[in-house]
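Visitor: Pasting in a structure now, in structure tokens, and then I'll have a few things to ask.
The values are calculated or read from the model by the stated rules, or taken from the named source; none is laboratory data. Remember, it's a predicted structure, so these values are computed and weren't measured experimentally. All Cβ positions, glycine included, derive from the backbone under ideal geometry; neighbour counts span all protein chains shown. Keep in mind that these areas ignore ligands, DNA and RNA; they rest on the heavy atoms of the full protein, side chains included. Shrake-Rupley method; radii C 1.70, N 1.55, O 1.52, S 1.80 Å.
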Amino acid sequence: MSTLVTGATGMVGRRVLTELRRRGLPVRGASRGSEQRLDWTDTSNWGEAVADVSRIFVVTPVGSALGHRVAAFLERAAEAGVGKAVVMSAMGTEHAPSDSDQRAAEFKAKELFDRVTVLRPNWLFQDFTEGVFAALARSRNGRLQLPVKRRTPVSFVDARDVAAAAVAALVDDHGGKEYTLTGPEALTFREVVRQTKGTDSPVWRFKPVDEATFYYRAADRGWGDRYIDTLNERFAAAVAGRAAETTDDVRAALGREPIPLARFIRESTF
């Protein structure tokens with residue numbers, strides 16, 4: 001029996017896939033661009049995707065109105081005999097409405113599987129190098145413009161820690177656990193940008209903007225309304241101080257301290 005990793009080309013999913021393969025464990029990566037194709041809007045090969053799978057790592061796309069599709073996929077997985085699920089959402093999802101995409105996926109997984117682990121990471125350091133912040137900065141000649149304040153603190157976490165927690169939950173017994181994964185300290189966006197100066201980071205300057213400006217520029221990049229609204233909700237939560245908390249959950253899951261920004265910068269390929 002194998003492990004299925006959804007979101008296998010994403011920042012966390014591909015690291016989960018790599019580590020499971022390094023351990024010599026049977027695993028398949030699934031996404032629209034993977035060998036095992038998985039499209040949340042196309043149910044035609046879902047049975048093939050979960051065939052001979054005993055464990056599953058599920059990432060619900062952010063701001064895509066696909067929560068009900070992910071829930072339906074989880075039902076198909078349970079019917080196929082999958083016994084363990086690790087579900088990744090985002091920090092604060094436990095306070096979201098029950099019908100929100102990521103919260104709905106969490107509820108469905110808990111309903112269907114006896115062994116479920118929920119991972120709720122904060123914003124990732126890798127968002128500055130390969131994720132949403134990097135994409136925004138590249139479109140603005142290196143300027144990262146977000147609807148947060150200069151002193152808005154966020155306990156950014158390394159994607160490697162999140163992936164390691166996912167692997168631990170898949171391989172070991174973390175059933176019933178819910179981990180809010182953060183870095184060791186809260187930093188402002190401006191501090192992160194300053195500390196990455198001198199590298200080849202695509203982000204070289206940070207500037208706060210209002211929600212309307214962010215919305216206009218994100219829409220101009222072709223991003224959908226729901227996705228932009230979801231990002232704005234997360235930024236608003238950060239401004240309200242709800243992304244600053246640091247937790248011990250990386251240590252609880254992995255038995256070590258989370259990776260700090262200095263190590264991320266030292267070991268990253270920008």
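Visitor: Within region 1-45, which residues are under 17 Å from K84 (Cα atoms) and part of a helix (DSSP H, G or I)?
Guide: Correct list: G13, V16, L17, L20.
Visitor: Considering only region 230-258, how many residues are outside any helix (DSSP H, G or I) and free of Cβ contacts under 8 Å to residues at least 60 places away in the same chain?
Guide: The number of residues fulfilling the criteria is 4.
Visitor: Of all residues in region 259-270, which are assigned to a helix (DSSP H, G or I) and either of a type in the set (F, W, Y) or surrounded by fewer than 16 Cβ atoms within 10 Å (Cβ to Cβ) (or both)?
Guide: A262, R263, F264, R266, E267
Visitor: Continuing with the same structure: Name, by its number, the condition in (1) farther than 23 Å from Q126 by Cβ; (2) in contact with a Gly (Cβ under 9 Å, 6 or more places away or on another chain); (3) not small (G, A, S) that does not hold for V58.
Guide: Against the list (1) farther than 23 Å from Q126 by Cβ; (2) in contact with a Gly (Cβ under 9 Å, 6 or more places away or on another chain); (3) not small (G, A, S), V58 comes up short only on (1).
Visitor: Quick check: is even one residue across region 117-133 surrounded by fewer than 22 Cβ atoms within 10 Å (Cβ to Cβ), in contact (Cβ under 8 Å) with a residue 60 or more places away in the chain, assigned to a loop (DSSP other than H, G, I, E, B) and not acidic (D, E)?
Guide: Yes, the conditions are met somewhere in region 117-133.
Visitor: Of all residues in region 24-42 being open to solvent by 20 Å² or more (accessible area, probe 1.4 Å) and of a type in the set (S, T, N, Q), which is nearest to V70 (Cα to Cα)? Before you say what the answer is, go through the steps one by one.
Guide: At the first step, the residues of region 24-42 found to be open to solvent by 20 Å² or more (accessible area, probe 1.4 Å) are 24-28, 32-35, 37, 39-42.
If we keep only those that are of a type in the set (S, T, N, Q) too, we end up with 34, 41.
Numbers: S34: 18, T41: 9 Å.
Among those residues, the one meeting the criterion is T41.
For (1) open to solvent by less than 30 Å² (accessible area, probe 1.4 Å); (2) within 23 Å of T182 (Cα to Cα); (3) touching a Lys or Arg at 6+ places or on another chain (Cβ under 6 Å), each residue gets a yes or a no:
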{"site": "R76", "(1), (2), (3)": "no, no, no"}
{"site": "M88", "(1), (2), (3)": "yes, yes, no"}
{"site": "H95", "(1), (2), (3)": "no, yes, no"}
{"site": "E106", "(1), (2), (3)": "yes, yes, no"}
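Visitor: All but one of (1) surrounded by fewer than 18 Cβ atoms within 10 Å (Cβ to Cβ); (2) charged (D, E, K, R); (3) in a helix (DSSP H, G or I); (4) touching a residue at least 24 places away in the same chain (Cβ under 8 Å) hold for R190; which doesn't?
Guide: In the conditions (1) surrounded by fewer than 18 Cβ atoms within 10 Å (Cβ to Cβ); (2) charged (D, E, K, R); (3) in a helix (DSSP H, G or I); (4) touching a residue at least 24 places away in the same chain (Cβ under 8 Å), R190 misses (1) alone.
Visitor: Does region 153-161 contain at least one residue that is β-branched (V, I, T), part of a helix (DSSP H, G or I) and either out of contact with any helix residue (DSSP H, G or I) (no Cβ under 9 Å at 6 or more places or on another chain) or more than 30 Å from V82 (Cβ to Cβ) (or both)?
Guide: no
Visitor: Kindly check whether there is at least one residue in region 165-179 that is surrounded by fewer than 17 Cβ atoms within 10 Å (Cβ to Cβ), among the β-branched types (V, I, T), in contact with a Leu (Cβ under 8 Å, 6 or more places away or on another chain) and in a helix (DSSP H, G or I).
Guide: yes
Visitor: For region 239-258, does any single residue satisfy the condition of being at negative phi, modelled with pLDDT under 95, open to solvent by 50 Å² or more (accessible area, probe 1.4 Å) and not hydrophobic (A, V, I, L, M, F, W, C)?
Guide: Checking region 239-258: not a single residue is at negative phi, modelled with pLDDT under 95, open to solvent by 50 Å² or more (accessible area, probe 1.4 Å) and not hydrophobic (A, V, I, L, M, F, W, C).
Visitor: Counting only residues that are of a type in the set (V, I, T) and over 13 Å from L4 (Cα atoms), which one in region 46-91 is farthest from the chain's Cα centre (by Cα)? Talk me through it step by step, then tell me what you get.
Guide: Taking region 46-91 and keeping what is of a type in the set (V, I, T), we get 50, 53, 56, 58-60, 62, 70, 82, 86-87.
Narrowing the set further to residues that are over 13 Å from L4 (Cα atoms) leaves 60, 62, 70.
Details: T60: 8, V62: 9, V70: 15 Å.
The residue in question is V70.
Visitor: Please list, ordered by first then second residue, the pairs with beta carbon atoms under 6 Å, 6 or more apart or interchain, first in region 69-80 and in a helix (DSSP H, G or I), second crowded, with 16+ Cβ neighbours inside 10 Å and not hydrophobic (A, V, I, L, M, F, W, C).
Guide: Correct list of pairs: V70/T60; A71/K108; L74/K108.
Visitor: If I filter region 134-164 down to residues being hydrophobic (A, V, I, L, M, F, W, C) and open to solvent by 20 Å² or more (accessible area, probe 1.4 Å), which single residue comes out as nearest to the chain's Cα centre (by Cα)?
Guide: Residue satisfying both the conditions and the ranking: A164.
Visitor: While we're on this one: Confirm whether Y227 is outside any loop (DSSP other than H, G, I, E, B), under 23 Å from the mean Cα position of the chain (by Cα), surrounded by 13 or more Cβ atoms within 10 Å (Cβ to Cβ) and free of Cβ contacts under 8 Å to residues at least 60 places away in the same chain. Please lay out each step first, then the result.
Guide: Values: outside any loop (DSSP other than H, G, I, E, B): yes; under 23 Å from the mean Cα position of the chain (by Cα): yes; surrounded by 13 or more Cβ atoms within 10 Å (Cβ to Cβ): yes; free of Cβ contacts under 8 Å to residues at least 60 places away in the same chain: no.
Taking the combined requirement at face value, the residue does not satisfy it.
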